[in-house]
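Structure first, then comments.
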């Protein structure tokens with residue numbers, strides 16, 4: 001009898017959580033998150049509890065051999081805040097290399113990004129924005145881990161955050177076979193391949209994120225200097241004198257705002273700066289800056305090809321075009337993708353994740369795919385999942401299941417009777 005593995009996609013709405021069960025009762029969890037304003041069948045404790053029950057053996061022991069957090073966005077890690085995880089034993093934890101606290105370059109990057117998000121959140125109440133723009137920006141900032149003034153999100157953020165979720169991933173859980181996470185890729189070689197001792201027979205190919213200085217430069221929020229400084233000025237206006245220069249400021253001196261630099265009033269501002277800040281206050285550049293922050297974090301996503309026997313699974317997090325461009329220019333990486341038998345579509349099937357060209361050039365006829373997504377109100381969900389992407393899947397005869405519809409599933413997929421998850425069994 002041929003062996004099969006099972007992929008379970010939890011219905012978390014606008015988020016990601018996948019449990020993979022390999023032969024021999026070995027398990028891998030890829031992400032555990034959701035968005036508070038777009039959740040599906042689970043809240044945070046409910047999702048953690050369901051996963052814990054799903055990995056419990058007949059003796060009552062709960063164990064996950066590998067936990068993968070593809071990147072730090074809340075809709076991928078939020079449920080790791082739950083205390084339910086104190087009941088689960090873990091073999092290994094895998095994170096992107098940029099999450100290594102011992103990496104000075106990565107630590108500097110996140111200090112800047114956290115400061116940027118905090119500055120943005122402080123300025124947000126004073127911005128003249130429409131309801132849709134404000135909602136979209138609040139979602140992006142919440143997803144990045146920023147504290148917000150919004151009453152709807154403030155209650156959620158008071159106890160749960162991506163900081164505490166990351167702390168658990170870095171050093172938490174009841175018992176860990178490997179105390180220190182694997183920060184991937186470990187080397188600059190691309191692609192990087194290793195055998196997973198925690199799941200015998202599993203070969204792992206790491207296609208992203210890049211481990212080179214170009215990535216740091218691309219992710220640095222200071223690269224968009226004008227918007228960065230304008231937000232700092234708006235934040236200064238929102239909080240009054242005393243906000244700008246602080247002893248522990250995350251900003252270089254050029255970006256810091258002195259107490260006498262109030263926007264639209266200070267004589268040191270050029271006319272161009274006044275115009276740009278006025279545009280920002282109308283919401284034009286604010287949305288652009290928020291999307292830039294969102295893209296920066298998505299670009300840190302782990303992109304993994306998991307090879308087990310005849311099965312080859314593509315798990316790309318929310319990797320965006322910069323990552324895919326690098327992958328598609330590498331012959332070895334493209335060969336790995338062309339042999340894939342399953343793919344999780346990135347970023348809920350949005351335009352800035354799984355490229356249509358990837359489907360057309362690399363996906364094989366007859367492969368399977370899953371999309372953890374949720375249509376609904378809010379600009380951040382417009383055109384998600386992207387119709388052109390779905391059409392490309394159909395053209396390639398790729399059978400797929402999406403989490404937000406009760407439509408009949410293609411052969412091989414099974415839906416839980418309470419619509420809590422969708423299962424797929426693959427020959428391996």
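Under the classification rounded if a/c is under 1.5, otherwise prolate if a/b is larger than b/c and oblate if not, where does the range 17-106 fall, given a ≥ b ≥ c as square roots of the Cα gyration tensor eigenvalues? Kindly include the intermediate steps, with their values, before the conclusion.
On the way: a/c = 2.01, a/b = 1.23, b/c = 1.63.
Oblate, because a/c is 1.5 or more while a/b does not exceed b/c.
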Exercise. Put a dot 7 Å past each Cα toward the Cβ at residue 49 and residue 171; how far apart are the dots in nm?
Worked result: 3.0
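Label the range 302-351 by shape, choosing from rounded, prolate and oblate, from the square roots a ≥ b ≥ c of the eigenvalues of the Cα gyration tensor; if a/c is under 1.5 it is rounded, and otherwise prolate applies when a/b is larger than b/c, oblate when it is not.
Values: a/c = 2.32, a/b = 1.25, b/c = 1.85.
It is oblate, given that a/c is not under 1.5 and a/b is not larger than b/c.
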Problem set entry | Label-point separation in nm, residue 288 to residue 188, each point 7 Å along Cα→Cβ | 3.4
Exercise. Residues of the range 49-69 with amide nitrogen under 16 Å from the 7 Å Cα-to-Cβ point of residue 87?
Worked result: 49-64
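Shape call for the range 289-428 from the C-alpha gyration tensor, a ≥ b ≥ c root eigenvalues: rounded (a/c under 1.5), prolate (a/b greater than b/c) or oblate?
Numbers: a/c = 1.68, a/b = 1.04, b/c = 1.61.
Judged from the Cα gyration tensor, the range 289-428 comes out oblate (a/c at least 1.5, b/c at or above a/b).
Going by average Cβ density within 10 Å per residue, which order do the peptides 346-353, 49-56 take, highest to lowest?
Details: 346-353: 23.2, 49-56: 17.2.
Per-residue mean Cβ counts within 10 Å order the peptides as 346-353, 49-56.
By how many nm would the segment from residue 419 to residue 178 grow when fully extended, if each residue of separation counts as 0.36 nm and the alpha-carbon distance is taken off?
Values: separation 241, 0.36 × 241 = 86.76 nm, distance 3.47 nm.
Length gained between residue 419 and residue 178: 83.3 nm.
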For this session: Order by neighbour count: 94, 142, 321, 110, fewest other Cβ atoms within 10 Å first, most last.
Result: 321, 110, 94, 142
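Please order 189, 176 by the number of other Cβ within 10 Å, starting at the fewest. Present the calculation step by step, with values, prior to reporting the outcome.
Numbers: 189 10, 176 16.
Least to most surrounded, the residues fall as 189, 176.
Taking a temperature of 10 °C and a viscosity of 1.306 mPa s, what whole-number D in µm²/s does Stokes-Einstein yield for the range 89-140 with Rh from Kirkwood over alpha carbon pairs? Provide the component values of the computation, followed by the final result.
Working: Rh = 13.7 Å.
In µm²/s, the coefficient rounds to 116.
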Exercise. Roughly what would the spin-label model give for residue 391 and residue 197, points 7 Å off Cα along C-beta, in nm?
Worked result: 5.1
For this session: Sort the following peptides by mean Cβ neighbour count (other Cβ atoms within 10 Å, averaged over residues), highest first: 191-200, 403-412, 73-82.
Result: 73-82, 191-200, 403-412
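Every number in this text was worked out from the coordinates using simple rules, so none of it is lab data. In this text the structure is predicted, and so the values were computed from the model without any measurement. For neighbour counting, all protein chains shown are included, and Cβ atoms are generated from backbone atoms with ideal geometry for every residue, glycine included.
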